[in-house]
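Trainee: Next up is a structure, given as structure tokens.
The values are calculated or read from the model by the stated rules, or taken from the named source; none is laboratory data. Just so it is clear, the model here is predicted, and its values are computed rather than measured. No Cβ is skipped: glycine too gets one built from the backbone with ideal geometry, and neighbour counts run over all protein chains shown. Each accessible area value is taken on the protein alone, full model and side chains, heavy atoms only, with ligands, DNA and RNA left out. Shrake-Rupley method; radii C 1.70, N 1.55, O 1.52, S 1.80 Å.
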Amino acid sequence: MNSGDRNKEGTGPVILFDGVCNLCNASVQFILKYEKSPRYRFAPLQGKFASEVRHQYALPEDADSVVLIEKKQVFTASTAALRIAHHLKAPWNWLVIFKVLPVSFRDKVYHWIARNRYRWFGKKDACEIPSPEIAHRFLD
């Protein structure tokens with residue numbers, strides 16, 4: 001079974017993230033620590049799974065923000081982040097209050113941070129390898 005088939009079977013939501021970005025990797029670790037229950041799987045945008053998903057969902061090749069795939073729907077930028085926050089433990093799930101703001105404003109803030117993430121937080125030369133305890137939650 002290839003990784004695209006796993007996603008089609010609906011085995012849980014998948015978060016695509018920039019695997020070389022320090023902020024993005026820290027965000028994945030944050031989600032793993034604070035999610036209410038283990039629900040998310042993770043895949044670096046630089047990997048094979050993300051490449052297949054980009055094709056499957058017609059995502060642009062230059063999409064470099066967080067992408068949430070949930071129930072065959074794709075969410076990006078601030079909407080993806082807030083949907084993820086909804087499943088975190090309190091007080092982090094309270095971030096969903098920002099849904100009251102217009103998407104255009106939320107996404108402007110999100111993309112401003114995304115554009116500056118390497119300068120502010122740095123980047124790695126290659127994607128991190130997850131520890132054996134959580135490796136099953138990561139797709140190639």
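Trainee: Under the condition of being of a type outside the set (A, V, I, L, M) and out of contact with any Asp or Glu (no Cβ under 8 Å at 6 or more places or on another chain), which residue from the stretch 48-62 is surrounded by the most Cβ atoms within 10 Å (Cβ to Cβ)? Walk me through it before giving the result.
Mentor: Step one: list which residues in the stretch 48-62 are of a type outside the set (A, V, I, L, M), which gives 48-49, 51-52, 54-57, 60-62.
Next, only the ones that are out of contact with any Asp or Glu (no Cβ under 8 Å at 6 or more places or on another chain) stay: 51-52, 55-57, 60-62.
On the way: Ser51: 17, Glu52: 19, His55: 11, Gln56: 14, Tyr57: 14, Pro60: 8, Glu61: 9, Asp62: 5.
The selected residue is Glu52.
Trainee: With respect to Ala126, is the statement that it is open to solvent by less than 70 Å² (accessible area, probe 1.4 Å), at pLDDT below 90, small (Gly, Ala, Ser) and in a loop (DSSP other than H, G, I, E, B) true?
Mentor: Values: open to solvent by less than 70 Å² (accessible area, probe 1.4 Å): yes; at pLDDT below 90: yes; small (Gly, Ala, Ser): yes; in a loop (DSSP other than H, G, I, E, B): yes.
Against the criterion (open to solvent by less than 70 Å² (accessible area, probe 1.4 Å), at pLDDT below 90, small (Gly, Ala, Ser) and in a loop (DSSP other than H, G, I, E, B)), Ala126 qualifies.
Trainee: Let me ask something else. I'm checking my understanding of the structure. Among residues of the stretch 71-90 that are outside any loop (DSSP other than H, G, I, E, B) and within 16 Å of Val28 (Cβ to Cβ), which one is most open to solvent (accessible area, probe 1.4 Å)?
Mentor: Filtering the stretch 71-90 for residues outside any loop (DSSP other than H, G, I, E, B) gives 73-85, 88.
Add one more test, that the residue is within 16 Å of Val28 (Cβ to Cβ), and what stays is 80-81, 83-85, 88.
Working: Ala80: 0, Ala81: 41, Arg83: 76, Ile84: 9, Ala85: 6, Leu88: 8 Å².
Result: Arg83.
Trainee: Does Ser65 meet the test of being open to solvent by less than 30 Å² (accessible area, probe 1.4 Å), small (Gly, Ala, Ser) and not in a helix (DSSP H, G or I)? Spell out how you get there, then give the answer.
Mentor: Details: open to solvent by less than 30 Å² (accessible area, probe 1.4 Å): yes; small (Gly, Ala, Ser): yes; not in a helix (DSSP H, G or I): yes.
Here the answer is yes, as Ser65 does meet what is asked.
Trainee: Report, ordered by the first and then the second residue, all pairs with beta carbons closer than 9 Å, sequence separation of six or more or different chains, a first member in the stretch 72-86 that is closer than 19 Å to Arg115 by Cα, and a second member that is polar (S, T, N, Q) and in a helix (DSSP H, G or I).
Mentor: Ala81/Ser27
Trainee: Can you tell me which residues in the stretch 27-47 are more than 15 Å from Arg117 (Cβ to Cβ) and open to solvent by less than 30 Å² (accessible area, probe 1.4 Å)?
Mentor: Result: Ile31, Glu35, Tyr40, Arg41, Phe42, Ala43, Gly47.
Trainee: Take the residues in the stretch 22-60 that are within 17 Å of His111 (Cβ to Cβ) and over 12 Å from the mean Cα position of the chain (by Cα); name whichever of them is modelled with the highest pLDDT.
Mentor: Taking the candidates together, the pick is Leu59.
Trainee: Moving on. Return yes or no: is Ser131 open to solvent by less than 60 Å² (accessible area, probe 1.4 Å), touching a Ser or Thr at 6+ places or on another chain (Cβ under 7 Å), of a type in the set (Ser, Thr, Tyr) and not in a helix (DSSP H, G or I)? Let's see the steps before the verdict.
Mentor: Working: open to solvent by less than 60 Å² (accessible area, probe 1.4 Å): yes; touching a Ser or Thr at 6+ places or on another chain (Cβ under 7 Å): no; of a type in the set (Ser, Thr, Tyr): yes; not in a helix (DSSP H, G or I): yes.
Spelling it out, it is not the case that Ser131 is open to solvent by less than 60 Å² (accessible area, probe 1.4 Å), touching a Ser or Thr at 6+ places or on another chain (Cβ under 7 Å), of a type in the set (Ser, Thr, Tyr) and not in a helix (DSSP H, G or I).
Trainee: Sort out which residues of the stretch 91-123 are among the charged types (D, E, K, R) and either touching a Phe, Trp or Tyr at 6+ places or on another chain (Cβ under 7 Å) or open to solvent by 60 Å² or more (accessible area, probe 1.4 Å) (or both), and write them in order of number. So that I can check it myself, show each step before the final result.
Mentor: Residues of the stretch 91-123 among the charged types (D, E, K, R): 99, 106-108, 115, 117, 119, 123.
Matches in the stretch 91-123: Lys99, Arg106, Lys108, Arg115, Arg119, Lys123.
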